[in-house]
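Quick notes on the structure that follows.
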Amino acid sequence: MTRDSAEVGLELCLFGGIALRGAPTGVADALLAQTKPVALLAYLALSPDGRFQRRDRLVGLLWPELDQSHARAALRKALHDVRGALGADFIVARGDDEIAIGAAALRCDAAQFAAAIEKGYFARAVELYRGDFMPGFFLAGCVEFERWLEDERTTTRERAAAASWALAVALEGEQQLTDAGAWARRAARHAWTDERVLRRAMTMLERLGDRAGAVKLYEGFAARLRADLEVEPSAETNALVESIRAAPARK
């Protein structure tokens, strides 16, 4: 049993995990258990301005191991599963070769994030960014899709860091120093492998009088680098933290 998807108020959440809100729990769970329909939904949801995508492009992304006939059959099966779960009007076609998500049929946090960034609504953007894009999601053998996925993860992470830093700078200028420091720390956490962001955040915290916070931020960063990448912070970053530690106490 399905409903008109426009009436459901569906929301696809891709940050910090994958969830489908607004659909019955059993329907959402069954659909999200299938990796190819999830990948298809995510790719269509992030098509700029709801742009139609060619079927040839989609089968190349998601079924590169199959010949054209079998790949198109697999796409039809995925579309059937999506429409069966979310409504016959959820996926719309333009001619025989192009498809898109129906207008107003779905909200997506990642698409809303991108729109907020473009409009300069940085507070709204970082509110939407609840973690990495589709964390842990993987399609074996789908090299082009994996490249797209990694690009999205990197881009959204960098944009979240930049938005957080912009808020920190603005709040410091308004003398809202506690909030400025909080946003600086958030920027460094989002861009946890970018030592330039870390050093900017540490410098701001030191300037705001929060030396302990600057050192703690460095220590957390260094610990994660060692645990995840088995590397140490750069000499420049180490010199900065030592200078902060050695600075005389302010009167």
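Coordinate-derived values only; no laboratory data. Predicted, not measured: the structure shown is a model, and the values here were computed from it. We place every Cβ from the backbone using ideal geometry, glycine too, and count neighbours over all the protein chains shown.
Brief remarks on what is shown
- Summary value for the stretch 169-246: 24 percent relative contact order, contacts being C-alpha pairs under 8 angstrom separated by 6+ residues.
- In this label model, Val143 and Arg226 are separated by 3.8 nm, measuring between points 7 Å along each Cα→Cβ vector.
- Across the stretch 21-156, Cα pairs under 8 Å and at least six residues apart give a relative contact order of 24 percent.
- Note, ³J(HN,Hα) from phi for the stretch 120-130, Karplus 6.51, -1.76, 1.60, rounded to Hz, x at Gly and Pro: x, 8, 5, 4, 5, 4, 6, 5, 6, 7, 9
- Exposure proxy order (Cβ contacts within 10 Å, fewest to most) of Tyr129, Tyr121: Tyr121, Tyr129
- Residues in the stretch 12-53 that a label on Ala93 would reach, taking backbone N under 15 Å of a point 7 Å out along Cα→Cβ: 53
- Acute angle (nearest 10 degrees) that the helix 35-45 long axis makes with the longest principal axis of the chain, alpha-carbon atoms: 80 degrees
- Under 16 Å from the Cα of Lys36 - aspartates and glutamates, other chains or at least 8 residues apart: Asp56, Glu65, Asp81, Glu144, Glu146
- Per residue, the chain reaches -19000 deg cm²/dmol at 222 nm when only DSSP H runs of four or more residues are counted, each adding -39500 (n - 2.57).
- Residues Ser69, Ser164, sorted so that the one with the fewest Cβ neighbours within 10 Å comes first: Ser69, Ser164
- Taking the convex hull of Cα positions in the chain, its mean projected area over all directions (nm²): 16.1 nm²
- Kirkwood's formula applied to the C-alpha pairs of the stretch 177-251 gives a hydrodynamic radius of 12.3 angstrom.
- Based on Cα contacts under 8 Å between residues 6+ apart, the chain shows a relative contact order of 17 percent.
- One compactness figure for the stretch 92-146 is 1.49, namely its Cα radius of gyration divided by 2.2 N^0.38 Å.
- Arg72-Gln176 pseudo-label distance in nm [points 7 Å out on the Cα-to-Cβ vector]: 5.6 nm
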